[in-house]
Amino acid sequence: MKNAFAGKVSYFILTFIFLIIIASFLFTGFDNFSMGTAQNVAAVDGTPITIKEYQTALNRQVEFFNQMMGGGGMTQKQMEDMGIKQSVLNGLIQQKLILNAADELGFVVSLDEIKNEIKSMPYFKTNNQFDVNLYRNMLQGNGYIPTQFEELVGNDLKQKKIDELFNTMIISENYIQDITKFKNNQVTVQGVKIGRQALAPLVSVTEQEIKDYLAKPENQKALESAYNDNLSKYNKPEEVKARHILIAGDDAKSLEKIKAIKAKVNTKNFADIAKKETEDPTGKENGGDLGWFSAGRMVPEFEQVAFGMKEGQISEPVKTQFGYHIIMVEGKKAADVQSLESVKTELAQIALQKTKAQDLDKLLKSTADQIQTALEKGDFATVEALAKKVDGQVYKNADVNQYDQNLIATNLSPTEADQIFKAAQGTILNFGNPGTIFLVKVLGKKTAPEKTAEQLKAEIASQNQLFSRKVREELIKTMNNKAKVVTNQSLL
C-alpha cells in the first residue's frame, strides 16, 4: 500500500511538472493544432490563437501578479487597470508573427531534432533513460496525443532558431581595437540641465491672484482634476519602517532557530545579527532593512504584526509562506489625508505659476545667467544649490567617452558630443533651447585604463544583445503593421 501511494504521488508531481511545460509552450504562442470548429481569440495572417493557449497564458500572468502582490487574488478591476488581458494577447500575437516569419524564411525543424529534444527532457526519464510509456501516459493524462506535443516542441525549436539568428554576430579584432580607442577617449565635464516648467514653483503669485482664481466657478473642475492627479501626495497611508530576520522553512528546526535568534537580539544589535543570521539574501547586505512600506506591500501575516507594533519593539517569531521572521519596527508614520478644500490654495498657486509664460521666460534666462557665472568662477556649489531648488539634473565631474556619447542619464546628440571633444579646457558649452537650460563645462581630457580583449568582448556582447533586442522589436513592429490581425474581443 505504501508503494502504491508513493507511485501515485510521483505520478501527480510529474503530471504537475508536465502541465508547467505545456503552459510555458502555450505562453510563447505555440499551440497551432487546436483549430477544429472551436472559436479562436485571434488570428494572425490566418494562424489562430486559440482560447486554450490564451487562457493558459492569462492564468500564468495573473498568478505571477498574485505572487507579486502577496498571494491575494486579483479583482477584475485590477486586471483591467493593469491591462493584463490585452498585454497577454499582444505577447501571443508577437510570437505568432515571429513564428510566421520563421516559416517565410524557410526555418525547418526536422523530426529527429524534435525527438531528440523530447528525449532530453528529464520529466520523461526513468533511471536517466527516456521512458516511452511514461511519456505516453503523461500526455494521455493531460489530454494530448504525441503528434500534438511534438508540434509544440517543433515550434519551440523554431523559435529558438530565430533567437539564435538575432543573437549571432562575429566580432573582429579590428572592431575590438576601434572600440578600445573610442572608449578610452574621454572628457570630464560638469554642468546642469533644467527644464522650463521645473522653474514654475519659483514664479511669484500674489494672494489676490489666488483669491480671484478660486472665485471663478470654471476653475473648480481644474482644481479637482489636479487634486486627483496628485492623490498620492495628499492622501498618504500609514507607513512603517522595519527590519526583519528570516529563517526559511516551517518545520520545528526552523522555529527553534528563530527562537534562539530572538533571545539574543535587541534594538542595538539587530542589524548586525541580521547580516549574519538572516536567510534573506538582501537582508545579509543591508541588515534586514525593509525601508518604509504601507499596507498591501507585504504578506498579510507580516503586515498584521508590523502595523500593530510600536516604534522600537521587536516581535515574537512570525510565520509566513517564506518561513519565520523576527520584525523590528524602527519608525511609524500616521496616515495623512488632506482634503481638496485644504489644498485648494496650493493647487491654485501651482496652476497660476504655470500660466505665467513671460515670468517663466525671465526666470529661465536669469537662472541660466547665474549658472553661467557660477561655472565661469568654478563655483559648482552654487550650481548645485540652484539645481536642487527645482530638481534639476546635475553633472559633477562626469566622464563622457567617444563611443557611448552619454552624459550620465542624458543621451548626447552627435553634434553635442563632437563639440565636447573639440572644446578646450574651461570652455562652457550651451546645449539649451528656449525651453531648457543645458550648460556643460569642459574640465579636461583623460585616457581611461585599457581593458583586456576579453573584457571588451564581454561588453560588446552585452551591447550586441541590446542591439539584437532592438532589431527584433523593430522587425515585430514592421510585421505587425503589415499583418492581418483579427481579434475576437468578446472572448477576452
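Could you name every one of the helices (runs of 4 or more DSSP H) located completely within region 344-449 that has at least 3 residues being closer than 24 Å to Phe182 by Cα?
Numbers: elements: 357-377, 380-389, 414-422.
Counting at least 3 such residues, we get 414-422.
Would you tally the residues in region 124-154 being among the small types (Gly, Ala, Ser) and either part of a helix (DSSP H, G or I) or within 30 Å of Met479 (Cβ to Cβ) (or both)?
If we filter region 124-154 for residues that are among the small types (Gly, Ala, Ser), which is where we start, we get 141, 143, 154.
Checking which are either part of a helix (DSSP H, G or I) or within 30 Å of Met479 (Cβ to Cβ) (or both) leaves us with 141, 154.
Looking only at that region, the number is 2.
Which of (1) modelled with pLDDT of 80 or more; (2) touching a Lys or Arg at 6+ places or on another chain (Cβ under 7 Å) does Met79 not meet, given it meets every other one?
Tallying (1) modelled with pLDDT of 80 or more; (2) touching a Lys or Arg at 6+ places or on another chain (Cβ under 7 Å), Met79 fails exactly one: (1).
Show me the helices (runs of 4 or more DSSP H) entirely contained within region 268-340 in which 3 or more residues are more than 15 Å from Ile247 (Cα to Cα) and touching a strand residue (DSSP E or B) at 6+ places or on another chain (Cβ under 6 Å).
Qualifying helices (runs of 4 or more DSSP H): 300-308.
Could you say whether any residue in region 267-289 is touching a residue at least 60 places away in the same chain (Cβ under 8 Å), within 25 Å of Asn66 (Cα to Cα) and among the β-branched types (Val, Ile, Thr)?
Checked region 267-289: no residue is touching a residue at least 60 places away in the same chain (Cβ under 8 Å), within 25 Å of Asn66 (Cα to Cα) and among the β-branched types (Val, Ile, Thr).
Between residues in region 206-235 that are under 12 Å from Leu340 (Cα atoms) and residues that are assigned to a helix (DSSP H, G or I) and among the basic types (Lys, Arg), which pairs lie under 9 Å by C-beta distance while being six or more apart or on different chains?
Every condition considered, the pairs that remain are Leu223/Lys344; Tyr227/Lys344.
Identify the residue in region 204-254 that is loosely packed, with under 13 Cβ neighbours inside 10 Å and touching a strand residue (DSSP E or B) at 6+ places or on another chain (Cβ under 8 Å) and, among all such residues, is farthest from Tyr324 (Cα to Cα). Let's see the steps before the verdict.
Kept after step one, since they are loosely packed, with under 13 Cβ neighbours inside 10 Å, are these residues of region 204-254: 204, 206-208, 211, 215-218, 220-221, 225, 228-229, 231-233, 238, 248, 251-253.
Filter again for touching a strand residue (DSSP E or B) at 6+ places or on another chain (Cβ under 8 Å), leaving 238, 248.
Details: Glu238: 24, Ala248: 6 Å.
Filtering region 204-254 for residues that are loosely packed, with under 13 Cβ neighbours inside 10 Å and touching a strand residue (DSSP E or B) at 6+ places or on another chain (Cβ under 8 Å), the one farthest from Tyr324 (Cα to Cα) comes out as Glu238.
Could you check, for region 103-123, whether at least one of its residues is among the aliphatic types (A, V, I, L, M) and over 30 Å from Met479 (Cα atoms)? Even if it seems obvious, please write down each step before you answer.
Keep residues of region 103-123 that are among the aliphatic types (A, V, I, L, M), which gives 105, 108-109, 111, 114, 118, 121.
If we keep only those that are over 30 Å from Met479 (Cα atoms) too, we end up with 118, 121.
Yes: region 103-123 contains one or more residues that are among the aliphatic types (A, V, I, L, M) and over 30 Å from Met479 (Cα atoms).
Within region 462-470, is there a residue that is outside the structural domain of Asn100 (by TED's automatic domain parsing), hydrophobic (A, V, I, L, M, F, W, C), at pLDDT below 80 and surrounded by fewer than 16 Cβ atoms within 10 Å (Cβ to Cβ)?
Looking only at region 462-470, we keep the residues that are outside the structural domain of Asn100 (by TED's automatic domain parsing), and these are 462-470.
Keeping just the survivors that are hydrophobic (A, V, I, L, M, F, W, C) gives 466-467.
With at pLDDT below 80 added as a condition, the list becomes 466-467.
With surrounded by fewer than 16 Cβ atoms within 10 Å (Cβ to Cβ) added as a condition, the list becomes 466-467.
Scanning region 462-470 turns up at least one residue that is outside the structural domain of Asn100 (by TED's automatic domain parsing), hydrophobic (A, V, I, L, M, F, W, C), at pLDDT below 80 and surrounded by fewer than 16 Cβ atoms within 10 Å (Cβ to Cβ).
Taking the stated definitions as given, is Met74 assigned to a helix (DSSP H, G or I), at pLDDT below 80, in the same structural domain as Asn40 (by TED's automatic domain parsing) and in contact with a helix residue (DSSP H, G or I) (Cβ under 7 Å, 6 or more places away or on another chain)?
So Met74 does not fit the description; no.
Just for region 143-169: of the residues that are more than 23 Å from Gly91 (Cβ to Cβ) and either in contact with a helix residue (DSSP H, G or I) (Cβ under 9 Å, 6 or more places away or on another chain) or among the hydroxyl-bearing types (Ser, Thr, Tyr) (or both), which one is surrounded by the most Cβ atoms within 10 Å (Cβ to Cβ)?
Here is the first cut: in region 143-169, the residues more than 23 Å from Gly91 (Cβ to Cβ) are 143, 145-147, 150, 168-169.
If we keep only those that are either in contact with a helix residue (DSSP H, G or I) (Cβ under 9 Å, 6 or more places away or on another chain) or among the hydroxyl-bearing types (Ser, Thr, Tyr) (or both) as well, we get 145-147, 150, 168-169.
Details: Ile145: 11, Pro146: 13, Thr147: 8, Glu150: 19, Thr168: 9, Met169: 13.
The extreme case among them is Glu150.
Restricting to region 374-432, and then to whatever is of a type in the set (Ser, Thr, Tyr), surrounded by fewer than 16 Cβ atoms within 10 Å (Cβ to Cβ) and within 33 Å of the chain's Cα centre (by Cα), can you tell me which residue is nearest to Gly195 (Cα to Cα)? Spell out the reasoning first.
From region 374-432, those of a type in the set (Ser, Thr, Tyr) are 382, 395, 403, 410, 413, 415, 427; that's our starting set.
Imposing the further condition that a residue be surrounded by fewer than 16 Cβ atoms within 10 Å (Cβ to Cβ) reduces the set to 382, 413, 415, 427.
Remaining after also requiring within 33 Å of the chain's Cα centre (by Cα): 413, 415.
Values: Ser413: 18, Thr415: 20 Å.
Checked region 374-432; the qualifying residue nearest to Gly195 (Cα to Cα) is Ser413.
Is region 76-91 home to any residue that is surrounded by 15 or more Cβ atoms within 10 Å (Cβ to Cβ), more than 21 Å from the chain's Cα centre (by Cα) and not polar (S, T, N, Q)?
no
The values are calculated or read from the model by the stated rules, or taken from the named source; none is laboratory data. Keep in mind that this is a model prediction, so the values were computed, not measured. Here the Cβ is made from the backbone with ideal geometry for all residues, glycine too, and neighbour counts use every protein chain on show.
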